[in-house]
Amino acid sequence: GGPCKVLLGPLRGEEEAQAARYSGLTRNGEHWLRLEGPDRPWLAAGIARTVADHGINISSFTGAAIGQRCVIYISFATEGDARRAAKVLQPILG
């Protein structure tokens, strides 16, 4: 085995951040987007393609369909990349 990641968030406020630190959790420096919407067969591919077409590098990408809805988490190395991705994804996500 190797290292694993646990995605915990969003942390809201200093009290939750302090509880996470007290539990031994540390921030890894990645910047995440959480996307929710109706489950569509092309959605994940369209998101990845749109981000790539704008020259934004994705660090990790995961998602799940839950009934007719889906949730997708995408991480980026910088906050700037995450903000740019959010901006370019707005037209396809509505």
Residues of the stretch 10-36 being assigned to a loop (DSSP other than H, G, I, E, B), of a type outside the set (Asp, Glu) and within 27 Å of LEU93 (Cβ to Cβ), in sequence order, are PRO10, LEU11, ARG12, ARG27, ASN28, GLY29
Which residues, counting only those in the stretch 59-94, are in contact with a strand residue (DSSP E or B) (Cβ under 9 Å, 6 or more places away or on another chain), loosely packed, with under 11 Cβ neighbours inside 10 Å and among the polar types (S, T, N, Q)?
-> GLN68
Breaking point among (1) in contact (Cβ under 8 Å) with a residue 12 or more places away in the chain; (2) under 15 Å from the mean Cα position of the chain (by Cα), for ALA20 = (2)
Failed condition for ILE72, given (1) closer than 17 Å to PRO91 by Cα; (2) in a loop (DSSP other than H, G, I, E, B); (3) in contact with an Asp or Glu (Cβ under 9 Å, 6 or more places away or on another chain), with all others met?
-> (2)
Any idea which of (1) surrounded by 10 or more Cβ atoms within 10 Å (Cβ to Cβ); (2) of a type in the set (A, V, I, L, M); (3) more than 20 Å from GLN90 (Cα to Cα) is the one VAL6 doesn't satisfy?
-> (1)
In this structure, does ALA82 turn out to be small (Gly, Ala, Ser), touching a His at 6+ places or on another chain (Cβ under 6 Å) and not in a loop (DSSP other than H, G, I, E, B)?
-> yes
So which residues in the stretch 41-60 are in contact with a Cys (Cβ under 9 Å, 6 or more places away or on another chain) and farther than 10 Å from ILE92 by Cβ?
-> ALA44
Within the stretch 39-58, considering residues that are assigned to a loop (DSSP other than H, G, I, E, B) and under 14 Å from the mean Cα position of the chain (by Cα), the one surrounded by the fewest Cβ atoms within 10 Å (Cβ to Cβ) = ASN57
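Within the stretch 22-35, restricting attention to residues that are more than 15 Å from PHE61 (Cβ to Cβ) and modelled with pLDDT of 85 or more, which residue is surrounded by the most Cβ atoms within 10 Å (Cβ to Cβ)?
Result: LEU25.
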Out of the stretch 16-36, which residues are more than 23 Å from THR78 (Cβ to Cβ) and among the hydroxyl-bearing types (Ser, Thr, Tyr)?
-> TYR22, SER23
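The values are calculated or read from the model by the stated rules, or taken from the named source; none is laboratory data. Predicted, not measured: the structure shown is a model, and the values here were computed from it. Note: ideal-geometry Cβ built from the backbone for every residue, glycine included; neighbour counts use all protein chains shown.
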